[in-house]
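*Asks:* Below is a structure I'd like to ask you about.
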Amino acid sequence: MLLGIGILITLTLLVLVVAPLLAPETASASMLPVDVTPQIDLKRRRLVLYENLQDLEFEYKAGKLSADDYNALRLDYTAEAAQLMAVSQDLEITSTEEAFIERAVAARRARPSTQSVPDYTCPKCGFENPLPVKFCGECGAAIVPRERKV
């Protein structure tokens, strides 16, 4: 009986440990976190690459790498850096286009509209009531809203 419980607990723990390892990877695991933009990710990758180049240079000068290995790795890192720089420039171009669109939208929003807005100015005392009211907040006179262009 005790042996059966021990085996059952062992099998349960084994399933709990192995199941996540055998589960298929979901699409959300390969996505970037919400606060990481493509520009930030490229910058992070460039910094890692520059650090790798510095480490490579140090290891070569320390005598840990042969000249052939050093040159091959340096060429690989340099090619990867060039590729990252090209992608960064492409993203900057699209961000420049997006900035142009945003400026155009902001300029359109800033233009005065020609909508008519009801004017609640009192004809008796001239007080400009800020809210739509039927009577003046200053003198109590009846107000007939007039249309004015903004």
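The values are calculated or read from the model by the stated rules, or taken from the named source; none is laboratory data. Because the structure is predicted, anything quoted here is derived from the model rather than measured. Please note: Cβ atoms are built from the backbone with ideal geometry, for glycine as well, and neighbour counts cover all protein chains shown. When the accessible area is computed, the model is the full protein with side chains, heavy atoms only, and any ligands, DNA or RNA have been set aside. Shrake-Rupley method; radii C 1.70, N 1.55, O 1.52, S 1.80 Å.
*Asks:* By its C-alpha gyration tensor, with a ≥ b ≥ c as the square roots of the eigenvalues, how is the chain shaped: rounded for a/c under 1.5, else prolate for a/b larger than b/c, else oblate?
*Replies:* oblate
*Asks:* So with the 1.4 Å probe, I'd like the accessible area per residue for the chain, rounded to whole Å².
*Replies:* I get 84 Å² per residue for this part.
*Asks:* Once both labels are modelled 7 Å past Cα along the beta-carbon direction, what's the Glu57-Glu138 spacing in nm?
*Replies:* Using points 7 Å along Cα→Cβ, the separation is 7.4 nm.
*Asks:* Determine the shape class of region 36-108: with a ≥ b ≥ c the square roots of the Cα gyration tensor eigenvalues, call it rounded for a/c under 1.5, and otherwise prolate if a/b is greater than b/c, oblate otherwise.
*Replies:* prolate
*Asks:* OK, next. Rounded to the nearest 10 Å², what accessible area does Arg103 show when all protein chains are kept and the probe is 1.4 Å?
*Replies:* Accessible surface of Arg103 is approximately 150 Å².
*Asks:* Can you tell me the 0 to 90 degree angle between the C-alpha axis of helix 2-22 and the longest principal axis of the chain, rounded to 10?
*Replies:* With both axes taken from Cα atoms, the answer is about 70 degrees.
*Asks:* Now, a different point. Quick check for me: using +1 on Lys/Arg Cβ and -1 on Asp/Glu Cβ, what's the dipole size of the chain about its Cα centre, in debye to the nearest 20?
*Replies:* Approximately 1160 debye in magnitude.
*Asks:* List the aspartates and glutamates whose alpha-carbon lies under 17 Å from that of Lys61, not counting same-chain residues fewer than 8 positions away?
*Replies:* Here the aspartates and glutamates satisfying the reach criterion relative to Lys61 are Glu51, Asp69.
*Asks:* For Asp41 and Arg109 in the same chain, what is the full-extension length gain: residue separation times 0.36 nm, less their Cα-Cα distance, in nm?
*Replies:* Between Asp41 and Arg109, full extension yields an extra 21.2 nm.
*Asks:* Got the relative contact order for the chain handy, in percent, Cα pairs under 8 Å and 6 or more residues apart?
*Replies:* 14 percent
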